[in-house]
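Asker: One structure, as structure tokens, below. Some questions next.
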Amino acid sequence: MMKSNFSLAKNRKSIYFLILVLIYSLVLSGCSNGAKTNASNSYLIDGVVENQEVDVSSKLPGRIETVKVKEGDTVKAGQVLAYMEIKELQDKEKQAEAAVEAAQAQYNNAKDTYQLQQKVNDADIQAAQAALDQATAQYNKVKNGARSQEIEQAKAKLDEAKAALDVAEKSYQRTSQLFEAGAASQQTLDEVKAKYQAASDDVHYAEEALSLIQEGAQPEDIKAAAAAVEQAKAAIMKAEAGKLQTAIAGDAVKMAEANLNAAKAALDEVKANIEDATIKAPCDGIITVKNVEEGEIVSAGTPIFTIQQPKDNWVNVKVKETQVGKIKVGQKVKVTSADFPKEVFTGVVESINEKPDYAAQRSTNERDDKDIVAYNVKVRLNNEKLKAGMSVTVDFSGSKEEK
């Protein structure tokens, strides 16, 4: 019995020893995340191909009228994917166009009124200012009396009138003698007499004018001239008050212009909505998801199609810190896939994450070492043969930086 127990204990020790050896071997191998090495010093990491995908949504809510594509279809940028119902939008467009037309007419009328008011007001101010200048000049003339030049001019006119009277008088005397002698007709005598009388009147008027100038204006004349000045000033104030009406007309133009701009903006918005009711592909690619059927109502911003871009693809792999230092951004790598066993594709390291993702290998108490972490490395493929979801292997051995 004791011998049997001894054998059992010995077997248990052997089993424990084998387990420890196996664990130690696994720890030393550092196998994790699909990383593999071989005798040729290759460093291979498995990953899955990812593709750029673009969600397409409607910019406005509404009912889908027609769907032009299905899943799996290849589309080009700008190609129509679906049409939305636009009858309600078309009705709004007509209303908006009518509003713009009315606002335009209102603006034109306000502008014409303002321009006319401005012209009339400017003309009134100019006329009132001219009247004031004239009244002021007359008042100053009456108040200050005639200038010496005016007196001399009045004397000269009187002398001219007297000279003309002397000639007319002599002519009248000769004609009278001829008439008495029967050498002149009564008509001739009458004409000469009329000229003589007119010349006499001119002398009288010239004498009175000279007398008035020399004597100066009467008080009532000065008062009348002053009243004319005040009346002209009142006309100026009235004309200036017209500027307020012009300003009001100008404000009406600004308001009408603002209403016109608002109406145009509303029309532009409706037109933009009608344009957005035609849902188009933003890029080349393949329709991988179609979330809508004809007749369905969709919300703005909800994805209704997904477009995958076959040539815009990459693979993310996790590289241990013990290897990541050997990899450089821009270097070329070899990529293989079980789907294409006879082909080797070329990839380019696009980025290396500065922050580790997780511990690729945990430390053990027996070794008393540290965790080994992994960093994400993005390898750009840009090859439409490698489809999203395919498993590939990236070979970093013997890679060179792309130039």
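Asker: Scanning for something surrounded by 14 or more Cβ atoms within 10 Å (Cβ to Cβ), of a type in the set (S, T, N, Q) and within 37 Å of the chain's Cα centre (by Cα), does the stretch 97-111 turn up at least one residue?
Answerer: Among the residues of the stretch 97-111, at least one is surrounded by 14 or more Cβ atoms within 10 Å (Cβ to Cβ), of a type in the set (S, T, N, Q) and within 37 Å of the chain's Cα centre (by Cα), which makes the answer yes.
Residues checked against (1) exposed (fewer than 15 other Cβ atoms within 10 Å of the Cβ); (2) assigned to a helix (DSSP H, G or I); (3) under 60 Å from the mean Cα position of the chain (by Cα); (4) not assigned by TED's automatic domain parsing to the domain that holds Ala105:
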{"site": "Leu210", "(1), (2), (3), (4)": "no, yes, no, no"}
{"site": "Ala234", "(1), (2), (3), (4)": "yes, yes, yes, no"}
{"site": "Ala239", "(1), (2), (3), (4)": "no, yes, yes, no"}
{"site": "Glu269", "(1), (2), (3), (4)": "yes, yes, yes, yes"}
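Asker: Out of Val392, Val348, I need the residue that is under 30 Å from Lys76 (Cβ atoms), under 43 Å from the mean Cα position of the chain (by Cα), modelled with pLDDT of 95 or more and of a type in the set (A, V, I, L, M). Which one?
Answerer: Unique residue meeting the criteria: Val348.
Asker: Testing Ala77 on (1) surrounded by 13 or more Cβ atoms within 10 Å (Cβ to Cβ); (2) in contact with a Gly (Cβ under 9 Å, 6 or more places away or on another chain), one condition comes back false. Which one is that?
Answerer: Result: Ala77 fails condition (1) only.
Asker: Next question. Whether any residue in the stretch 146-155 is surrounded by 14 or more Cβ atoms within 10 Å (Cβ to Cβ) and either under 30 Å from Gly250 (Cα atoms) or in contact with a Gly (Cβ under 9 Å, 6 or more places away or on another chain) (or both) is what I want to check.
Answerer: Checking the stretch 146-155: at least one residue is surrounded by 14 or more Cβ atoms within 10 Å (Cβ to Cβ) and either under 30 Å from Gly250 (Cα atoms) or in contact with a Gly (Cβ under 9 Å, 6 or more places away or on another chain) (or both).
Asker: On to the next question. Which condition breaks for Gln214 when tested against (1) modelled with pLDDT under 95; (2) closer than 25 Å to Tyr114 by Cβ?
Answerer: (2)
Every residue, every condition in (1) assigned by TED's automatic domain parsing to the domain that holds Glu384; (2) more than 30 Å from Gly285 (Cβ to Cβ); (3) at pLDDT 95 or above, yes or no:
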position: Ala82; (1), (2), (3): no, no, yes
position: Asn109; (1), (2), (3): no, yes, yes
position: Gln118; (1), (2), (3): no, yes, no
position: Ala128; (1), (2), (3): no, yes, no
position: Asp133; (1), (2), (3): no, yes, no
position: Tyr139; (1), (2), (3): no, yes, no
position: Ile151; (1), (2), (3): no, yes, no
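Asker: Taking the stated definitions as given, is Lys195 under 21 Å from Ala225 (Cβ atoms), part of a helix (DSSP H, G or I) and assigned by TED's automatic domain parsing to the domain that holds Ala225?
Answerer: Numbers: under 21 Å from Ala225 (Cβ atoms): no; part of a helix (DSSP H, G or I): yes; assigned by TED's automatic domain parsing to the domain that holds Ala225: yes.
Answer is no for this residue.
Asker: Here is a check on your reading of the model: is Val319 aliphatic (A, V, I, L, M) and surrounded by fewer than 18 Cβ atoms within 10 Å (Cβ to Cβ)?
Answerer: For Val319, the condition - aliphatic (A, V, I, L, M) and surrounded by fewer than 18 Cβ atoms within 10 Å (Cβ to Cβ) - is not met.
Asker: With (1) surrounded by 12 or more Cβ atoms within 10 Å (Cβ to Cβ); (2) out of contact with any Ser or Thr (no Cβ under 9 Å at 6 or more places or on another chain); (3) closer than 30 Å to Ser58 by Cα as the list, and Ile297 as the residue in question, which single condition is left unmet?
Answerer: Status for Ile297: all satisfied but (1).
Asker: Out of the residues in the stretch 89-112 that are touching a residue at least 24 places away in the same chain (Cβ under 8 Å) and among the charged types (D, E, K, R), which is farthest from Val289 (Cα to Cα)?
Answerer: This residue is Lys111.
Asker: If I filter the stretch 272-290 down to residues being of a type in the set (A, V, I, L, M, F, W, C) and within 12 Å of Ile304 (Cα to Cα), which single residue comes out as surrounded by the fewest Cβ atoms within 10 Å (Cβ to Cβ)?
Answerer: So the residue we want is Val289.
Asker: Would you confirm, using the coordinates I've provided, whether Lys155 is within 30 Å of Gln117 (Cβ to Cβ) and either in the same structural domain as Gln117 (by TED's automatic domain parsing) or of a type outside the set (A, V, I, L, M) (or both)?
Answerer: no
Asker: Something else now. Exactly one condition in (1) basic (Lys, Arg); (2) surrounded by fewer than 17 Cβ atoms within 10 Å (Cβ to Cβ); (3) more than 15 Å from Arg380 (Cα to Cα); (4) in contact (Cβ under 8 Å) with a residue 60 or more places away in the chain is not met by Lys311; state its number.
Answerer: Answer for Lys311: the failing condition is (3).
Asker: Please verify whether the stretch 333-340 includes one or more residues that are under 45 Å from the mean Cα position of the chain (by Cα) and either closer than 24 Å to Gln52 by Cβ or assigned to a loop (DSSP other than H, G, I, E, B) (or both).
Answerer: No, every residue in the stretch 333-340 fails to be under 45 Å from the mean Cα position of the chain (by Cα) and either closer than 24 Å to Gln52 by Cβ or assigned to a loop (DSSP other than H, G, I, E, B) (or both).
Asker: So, one more: Run Asp251 past the list (1) under 34 Å from the mean Cα position of the chain (by Cα); (2) touching a residue at least 12 places away in the same chain (Cβ under 8 Å) and report the number of the one that doesn't hold.
Answerer: Result: Asp251 passes all but (2).
Asker: Here is a list of conditions, (1) surrounded by 14 or more Cβ atoms within 10 Å (Cβ to Cβ); (2) modelled with pLDDT of 95 or more; (3) over 30 Å from Ala281 (Cα atoms); (4) not charged (D, E, K, R), and Val69 meets all of them except one; can you say which number that is?
Answerer: Among (1) surrounded by 14 or more Cβ atoms within 10 Å (Cβ to Cβ); (2) modelled with pLDDT of 95 or more; (3) over 30 Å from Ala281 (Cα atoms); (4) not charged (D, E, K, R), Val69 violates only (3).
Asker: Still on this structure, please answer the following. From the list Pro310, Pro356, which one is under 27 Å from Asp55 (Cα atoms) and either modelled with pLDDT under 95 or part of a strand (DSSP E or B) (or both)?
Answerer: Pro310
The values are calculated or read from the model by the stated rules, or taken from the named source; none is laboratory data. Note that this is a predicted model, so its numbers are computed, not measured. Using ideal geometry, Cβ is built from the backbone for each residue, glycine included, and neighbour counts are taken over all protein chains shown.
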